[in-house]
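Q: For reference, the structure I am asking about is given below.
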Amino acid sequence: MELTPRVAGMAALLAILPVAAFGLFRTWWAGAITLVNVLLIAVSLYLLFSPTEGADHGSHEDAASGEEAV
């Protein structure tokens, strides 16, 4: 199974369940801060695993042909 941005984001968002329990059974502001942290991590993972616009940038084929980048 390939780790796609969608799967990584969904796995990170599963951490919202313990955050909800923490926010309900502890102080509400600690749960809110924890929720913001979980969302930041989920978005970071999504961006990390998502494809970039210039996916062929720096490919090995350019180096093998003997052309140098200027």
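Q: May I ask you to compute the full-extension gain from LEU17 to LEU3, defined as 0.36 nm times their residue separation minus their alpha-carbon distance, rounded to one decimal in nm? Before the final figure, lay out each step's value.
A: Numbers: separation 14, 0.36 × 14 = 5.04 nm, distance 2.16 nm.
Length difference between fully extended and current span is 2.9 nm.
Q: What list of ³J(HN,Hα) values in whole Hz, one per residue of the range 35-40 in order, does the Karplus curve 6.51 cos²θ - 1.76 cosθ + 1.60 (θ = phi - 60°) give from phi, with Gly and Pro shown as x?
A: 4, 4, 5, 5, 5, 4
Q: Short version: ³J(HN,Hα) in whole Hz for each residue of the range 6-12, in order, from phi by Karplus 6.51 cos²θ - 1.76 cosθ + 1.60 (θ = phi - 60°), x for Gly and Pro, what are they?
A: 5, 5, 5, x, 5, 5, 5
Q: Across every pair of different alpha-carbon atoms, what Kirkwood hydrodynamic radius in Å does the range 5-50 reach? List each step's numbers first, then the result.
A: On the way: mean 1/r = 0.0936 Å⁻¹.
Hydrodynamic radius (Kirkwood, Cα only) of the range 5-50 equals 10.7 Å.
All of the numbers you see were taken from the coordinates with simple rules; none came from a lab. Bear in mind that the values here come from a model prediction, so they are computed numbers and not experimental data.
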